[in-house]
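K.L.:
What follows is a single structure, and I will ask about it in a moment.
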Amino acid sequence: MQTLLINPEQIVTVNTNGKNEKRKDELSKLDVLADHSILIEDGKIADLISNNSLSKYQTTEKIDLKNKIVLPGLIECHTHTAFAGSRADEFRQKLTGVHYEEIAKKGGGIWTTVKAVRETSLHSLVEIIKPRVKEFIRQGITTLEIKSGYGLDFENEIKLLNAIRVIDELYAIDIIPTFLGAHTYPPEFKNDHQSYLDEITNKMLPYIAKNKLAEFCDAFCEKTAFSAQEVDLVFSKAKELGLGIKLHTDQFNSIGGIGIALDHNATSVDHLEGIEESDVYKLSDKDIVCDLLPGVSFFLNYQYAPARKLIDNGALVALSTDYNPGSSHINNIHLIMSLAALKMGMTIEETISAVTINSAKSVNRNKTTGSIEIGKDADFAVFNTKEYPDIVYNVGRNLNYMTIKRGRVIYHAE
Ligand code: NIG
Ligand code: FE
């Protein structure tokens, strides 16, 4: 079955010439086509056709995108969308100057959300997550990573991953499940880290791998969470079981997470607000994506990750919301792009590459999506504007008009 997307003002291909990633100057090269149409066949991008040659497609079904622009479907590569409850009270404390880590030390923070998740049934969790996923689709997101990490025991981590699986079955977009059992130590294991590590490595991970409940294993390497050595133990088991690796690291303190991530051939290192200069060079030209999360710096009011330094030194940079109830209660990927431009010195073009091809690489989907290249899935975000800079210039405003997944329109603005 064939469909044509005709008359867009621009097709922002984010072309990689088959490399499926972008570094340094390549991030700013988007390869924008005018006077072209996109031919979709069986859910894939079959051709990019100059409008002069459209006459032979007279009988093909067409979607008219006059006054619109087409981008690759956007990829959200780091979210904690599967949470219950609210942390508005802690937000109020933060506004009076109480630090995020201080709240965590007093038994709040992640633990507040864990308590809420443990009290919520699988069915209710799914109902809570549904509108959040719909909101992402409304923004043009066609691939969405979601982490567990708010259960912190066998029963509740599995409940979260099952909820994520149900969500994947309900929606046409691709959901990438990540296991984050090593998010923080639950109070019952506060003084017995080894027993919780055993729980993760002997019980949770084998069950998750056997039932294919997660594609990646993530951890939080931080003074208030897991040491580099502890993360090493978790990752060794996860890799043995065939899971991909991601790591929350250098958010506040640099305690060796980047070295561990590199040792384990991690797919991504995420946060990096507190990365040391020497570690920036370790990420140069490496096959590891740096998922930068400017929403966290904005929400917690502290320093941004050194995006310029990372890009200029040849690291792979992606952007994501980190949508969660405590450190970035922000689910707007377009706002994140604007923050990256305004606060981290990224160019408009770089922010687009960072939420498409490089974020696709961060979830290991860069060979099938993330750019408009022949043979890839027909995943698109269509924006209601004539020029792509408007997406970043209209801070926090959703200009997405249509979301297309594997050739099928799954969202259409009125
Ligand atoms: O990516 N840093 C660790 N985890 C999340 C926040 C979790 C929370 O506060 O609920 C993050 O920032
Ligand atoms: Fe996170």
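K.L.:
Just from its helices, what would the mean residue ellipticity at 222 nm be for the chain, if runs of 4 or more DSSP H residues each count -39500 (n - 2.57) and the sum is divided by every residue, rounded to the nearest 500 deg cm²/dmol?
P.N.:
-9000 deg cm²/dmol
K.L.:
Run the numbers for Leu170 and Glu41: contour at 0.36 nm per residue of separation, minus the present Cα-Cα distance, in nm.
P.N.:
That works out to 44.1 nm of additional length.
K.L.:
Something else now. Just for the chain, what percent of DSSP beta bridges are antiparallel, to the closest 5?
P.N.:
In the chain, approximately 45 percent of DSSP beta bridges are antiparallel ones.
K.L.:
Within 10 Å of each candidate Cβ there may be at most 16 other Cβ atoms; applying that plus a DSSP loop requirement, which GluC sites (Glu not before Pro) in segment 243-340 survive?
P.N.:
Those that pass, being in a loop and sparsely packed, are Glu276.
K.L.:
Starting from 0.36 nm per residue, how many nanometres of slack lie between Lys66 and Leu342 once their C-alpha separation is accounted for?
P.N.:
Gain on extension, Lys66 to Leu342, equals 96.4 nm.
K.L.:
At 0.36 nm per residue, and after removing the present C-alpha to C-alpha distance, how many nm does the segment from Leu122 to Asn51 gain when stretched out fully?
P.N.:
Separation in residues times 0.36 nm, less the Cα-Cα distance, equals 20.6 nm.
K.L.:
Just to be sure I understand the model, the point goes 7 Å from the Cα along the line to the Cβ. What's the resulting Ser236 to Tyr302 distance in nm?
P.N.:
With each label point 7 Å from Cα toward Cβ, the separation is 3.0 nm.
K.L.:
Sorted by mean Cβ packing within 10 Å, highest first, what order do the peptides 281-290, 26-35, 71-80 take?
P.N.:
Those peptides, ordered most packed to least, come out 71-80, 281-290, 26-35.
K.L.:
Roughly how many nanometres apart are two label points built 7 Å out from the Cα toward the Cβ at Gln93 and His412?
P.N.:
4.9
K.L.:
Please arrange Met346, Met402, Met1 by counting, for each residue, the other beta carbons lying within 10 Å of its beta carbon, fewest first.
P.N.:
Met1, Met402, Met346
K.L.:
Another one. In whole angstrom, note down how far apart the Cα centers of segment 1-64 and segment 295-339 are.
P.N.:
One Cα centre to the other: 29 Å.
K.L.:
At 7 Å along Cα-to-Cβ for each site, give me the label-to-label distance between Glu155 and Tyr393 in nm.
P.N.:
5.5
K.L.:
Between segment 212-278 and segment 104-175, how far is it from one alpha carbon centroid to the other, in angstrom?
P.N.:
Distance between centres, Cα-based: 21 Å.
Coordinate-derived values only; no laboratory data. Quick caveat: nothing in here was measured; it's all calculated off a predicted structure. Please note: Cβ atoms are built from the backbone with ideal geometry, for glycine as well, and neighbour counts cover all protein chains shown.
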